[in-house]
């Protein structure tokens, strides 16, 4: 059985107008949401919050309305699957041009992304400067502030980079903290 993604639909009565996707496939039905919460006040980039249960679900969820995006990944790397390289490669393929990593072991996520980019270049892929940062000694709110106010792709990748995705993997409390930290830095969407 193959997986299919059902077209997005709005949740009735939701102020942030989340986009909801239902993924049906050989596994149990899985509900994922990429919530548009507004635009970053300083950059004007569209800001989204994602909260997949598993890291492996994040690439299929991320589909901002532009070709490239900044990603703040709040994830407990102590629970990282063996597929970390594959997941980061999929995020690159989806347009990730700047990765901010936060959470236990975030340095490893940062280093792994650098390795994936380098390996692609060595195999003849495009030479791209994908920016990566880790925020191991910062509160989550400080990492959100950095992602929304300072994370900018290099000039060669800035074209059509108009979205910032704040993703908390497998931790609803972190997802709520991402949203709360972002609210003062975002102009709400008017849909």
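The values are calculated or read from the model by the stated rules, or taken from the named source; none is laboratory data. Everything numeric here is computed off the predicted structure, so don't read it as measured data. Quick reminder, even Gly has a Cβ in these numbers, built from the backbone with ideal geometry, and neighbours come from all protein chains shown.
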* **So residue 124, is it in contact (Cβ under 8 Å) with a residue 60 or more places away in the chain and surrounded by fewer than 19 Cβ atoms within 10 Å (Cβ to Cβ)** => no
* Structure fact -> Within segment 167-190, residues being assigned to a strand (DSSP E or B) and under 16 Å from residue 42 (Cα atoms) number 2
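So that you can scan it fast, the table gives a plain yes or no per residue for (1) in contact with a helix residue (DSSP H, G or I) (Cβ under 8 Å, 6 or more places away or on another chain); (2) modelled with pLDDT of 95 or more:
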| site | (1), (2) |
| --- | --- |
| 125 | no, no |
| 129 | yes, no |
| 137 | no, no |
| 144 | yes, yes |
| 147 | no, yes |
| 153 | no, no |
| 156 | no, no |
| 161 | no, no |
| 168 | yes, yes |
* To do: Check whether at least one residue in segment 85-100 is at pLDDT below 95, surrounded by 15 or more Cβ atoms within 10 Å (Cβ to Cβ), under 21 Å from residue 180 (Cβ atoms) and touching a strand residue (DSSP E or B) at 6+ places or on another chain (Cβ under 8 Å), and report yes or no.
  => no
* Asked: Which numbered condition trips up residue 160, out of (1) surrounded by fewer than 16 Cβ atoms within 10 Å (Cβ to Cβ); (2) free of Cβ contacts under 8 Å to residues at least 60 places away in the same chain; (3) closer than 20 Å to residue 45 by Cα?
  -> (2)
* To do: Of the conditions (1) surrounded by fewer than 20 Cβ atoms within 10 Å (Cβ to Cβ); (2) closer than 23 Å to residue 38 by Cβ, residue 135 clears all except one; give me its number.
  => (1)
* To do: Could you please give the count of residues in segment 36-70 that are more than 16 Å from residue 170 (Cα to Cα) and either in contact with a strand residue (DSSP E or B) (Cβ under 6 Å, 6 or more places away or on another chain) or buried (at least 21 other Cβ atoms within 10 Å of the Cβ) (or both)?
  => 15
* residue 156 is checked against (1) within 24 Å of residue 89 (Cβ to Cβ); (2) in a loop (DSSP other than H, G, I, E, B) and fails just one. What number does that condition carry? -> (2)
* For residue 81, work out the one condition from (1) at pLDDT below 95; (2) over 22 Å from residue 39 (Cα atoms); (3) in contact with a helix residue (DSSP H, G or I) (Cβ under 8 Å, 6 or more places away or on another chain); (4) surrounded by 13 or more Cβ atoms within 10 Å (Cβ to Cβ) it doesn't fulfil. => (4)
* Quick one: would you say residue 144 is over 21 Å from residue 45 (Cα atoms) and buried (at least 18 other Cβ atoms within 10 Å of the Cβ)? -> no
